[in-house]
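Some notes on the structure that comes next.
The values are calculated or read from the model by the stated rules, or taken from the named source; none is laboratory data. Not measured: the values here are computed from a predicted model. Every residue, glycine as well, gets a Cβ built from its backbone with ideal geometry; the counts of neighbours run over all protein chains shown. All accessible areas refer to the heavy atoms of the entire protein, side chains included, with ligands and DNA or RNA removed. Shrake-Rupley method; radii C 1.70, N 1.55, O 1.52, S 1.80 Å.
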Amino acid sequence: RPPQEEEEAAEVGWQEKLFSQFEVDLYRNESACQTPLDRQYHEEILKLEKAGGRKNHRIFTYTDHDRFTNLEEHCQKVTDSDHEVPSYLAERMANVRRRRQDRRPMEASALKSKIITWEPTEEFIKNNHVINTPVQTMYIMGDLGPYGKLGHREYEHVLCTIKVDGNGVITVKPDFTGSKGAYRIELDGEKREVWKYTIENVSVQVQPEEEEREQCVFRDLYGRHKEYLNGLVGSEFEMILPGALRLFVNGEIVSAQGYEYDNLYVHFFLELPNQWSSPAFQQLSGVTQTCATKTVGWENMAYFCYPFTLDMFFTQGDESEDSLPQWPVLYFEVLSLDFWQRYRVEGYGSLVLPASPGLHVLTIPTWRPVELGTVAELRRFFIGGSPELEDITYVRIPSTFKGERLSRFGFRTETTGSVTFRLYCLQQSKAFLETSALRQRMQSVLDRLGGFSQQSSVYDVLEAFQRARRRMQEARESLPQDLISTSASTA
């Protein structure tokens, strides 16, 4: 082998075509050219031969438009086994090429307007089945055949693969050599030749003046884009007062389970206590769709996945600073509707909106009022209908109740199923931006709202202690006086 053939270096640009010996022999004959790209290569090879021939011998390239690039992306295997049999999914997914998609503007506008495509074409399925990022590919190849036998396909090996996607990400595989040393390719044959090659980035470095000019262009572009986005969003935001709180809830009625009858739906509404308000356009009530149940384990489940949105404002009034604010309550009732349009009340329940922001998944049990006797159950089974609450707020403390004690003696109920809610709560207040010292001095509502759950737990403990103390005093008063005096003197 001559010494000049032992080593070869080539400087390759992006999508620069360097012909191999096989391509020179193929495209030299005009009769072998079938496509416009083949005829273009034929003319370029003729020009190369007139100019003295190609300078590269073993290093050549396949650009994005070559047939090798299409076949390489189409015939990729999952493993390196020669006996691999591609599965049905692999064969179907091999047709989906992550390349440039030439879509017509009319088709793109039609896709945006249609949520569901009832009769999708095969091309539509291929283009939308996976994330289709446009990619341009280039392969730097090496002809590692014996000296004098260049141009055989079996000696072609991929030295480097360069890909640029639509987002501007450049992928070089394998990476630039740097300090890692040369890459090795061992050939299977009688002589078992070993080839070494290196990959270096020889792109011209950007001058500081050009880089600064480019940064100025980028800043100008980003500034214009920011102004465009600000124009779309606008500046008409509702300002929150220093002592106010905004509570925003993205909720979902997930499911209902454990009820007697099928075809369930949920009716709900939100009750706002004093000092709470909502925008005029805000709907504080809603009804889900009617959902048939399915058996999951030992229970009948009805999956609603019904979303709703609640937007509320809390404004601190002139009440005492020591009093805790009341939180909004979500009341709901579960009903069933059968084939004969007979509806039945399946259960009532209530939910106090969470006081802390974040995700909350709550399962609320329900109950329904019942009548004694067989006639009421027969009426419920045959003609529908059942005892109902005139005021659904009777589930907790009725809104019209003004007394000191609320008695439910004689009111008969029956435990039914439960409803699962998923709530995403957001809180907005200027008190979040205040310093700790200022917050302590202001004693803003946010400080009390943030410790609402902790204070409620402390109050529960104090109430339990007070009840135990009252029971101890009552027991002490019921004992005979001589026994109390005797125990006191003994002590």
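I want to confirm something. Restricting to the stretch 276-292 and keeping residues that are among the small types (Gly, Ala, Ser) and in contact (Cβ under 8 Å) with a residue 12 or more places away in the chain, which single residue is farthest from Ser255 (Cα to Cα)?
Step by step, filter the stretch 276-292, then rank; the result is Ser277.
Only one residue in Tyr265, Tyr222, Tyr228, Tyr303 is within 31 Å of the chain's Cα centre (by Cα), modelled with pLDDT of 90 or more and not assigned by the TED database to the domain that holds Leu351, so which one is that?
Values: Tyr265 fails: not assigned by the TED database to the domain that holds Leu351; Tyr228 fails: modelled with pLDDT of 90 or more; Tyr303 fails: not assigned by the TED database to the domain that holds Leu351.
Answer to the selection: Tyr222.
Cβ contacts < 6 Å: first residue assigned to a loop (DSSP other than H, G, I, E, B), restricted to the stretch 13-39; second residue open to solvent by 50 Å² or more (accessible area, probe 1.4 Å), any location; separation 6+ or different chain. Result?
Final answer for the pair search is Cys33/Arg39.
Looking only at the stretch 369-412, how many residues end up being closer than 14 Å to Tyr331 by Cβ and open to solvent by less than 80 Å² (accessible area, probe 1.4 Å)?
Total meeting the criteria: 8.
Quick one: is Val361 within 30 Å of Gln427 (Cβ to Cβ), open to solvent by less than 40 Å² (accessible area, probe 1.4 Å), touching a strand residue (DSSP E or B) at 6+ places or on another chain (Cβ under 6 Å) and assigned by the TED database to the domain that holds Ala256? Working first, answer last.
Numbers: within 30 Å of Gln427 (Cβ to Cβ): yes; open to solvent by less than 40 Å² (accessible area, probe 1.4 Å): no; touching a strand residue (DSSP E or B) at 6+ places or on another chain (Cβ under 6 Å): yes; assigned by the TED database to the domain that holds Ala256: yes.
No.
Name the residues in the stretch 266-297 that are open to solvent by less than 50 Å² (accessible area, probe 1.4 Å) and part of a loop (DSSP other than H, G, I, E, B), would you?
Leu272, Pro273, Ser278, Pro279, Gln282, Leu284, Thr288, Thr293
Does Thr133 count as closer than 22 Å to Phe68 by Cα, assigned by the TED database to the domain that holds Leu89 and in a strand (DSSP E or B)?
Details: closer than 22 Å to Phe68 by Cα: yes; assigned by the TED database to the domain that holds Leu89: yes; in a strand (DSSP E or B): no.
So Thr133 does not fit the description; no.
What's the number of the only condition in (1) in a helix (DSSP H, G or I); (2) at pLDDT 70 or above that Arg439 fails to meet?
Arg439 satisfies every listed condition except (2).
Return yes or no: is Arg192 among the charged types (D, E, K, R), at pLDDT 90 or above and more than 27 Å from Asp66 (Cα to Cα)?
When the stated conditions are applied, Arg192 does not pass them.
Which residue is farthest from Ile162 (Cα to Cα), if the candidates are limited to the stretch 194-216 and must be of a type outside the set (D, E, K, R) and open to solvent by 90 Å² or more (accessible area, probe 1.4 Å)?
Here the answer is Gln207.
Got a sec? Which of Val217, Val202 is part of a loop (DSSP other than H, G, I, E, B), of a type in the set (A, V, I, L, M, F, W, C) and either closer than 30 Å to Ser350 by Cβ or more than 26 Å from the chain's Cα centre (by Cα) (or both)?
When all the criteria are applied, what remains is Val202.
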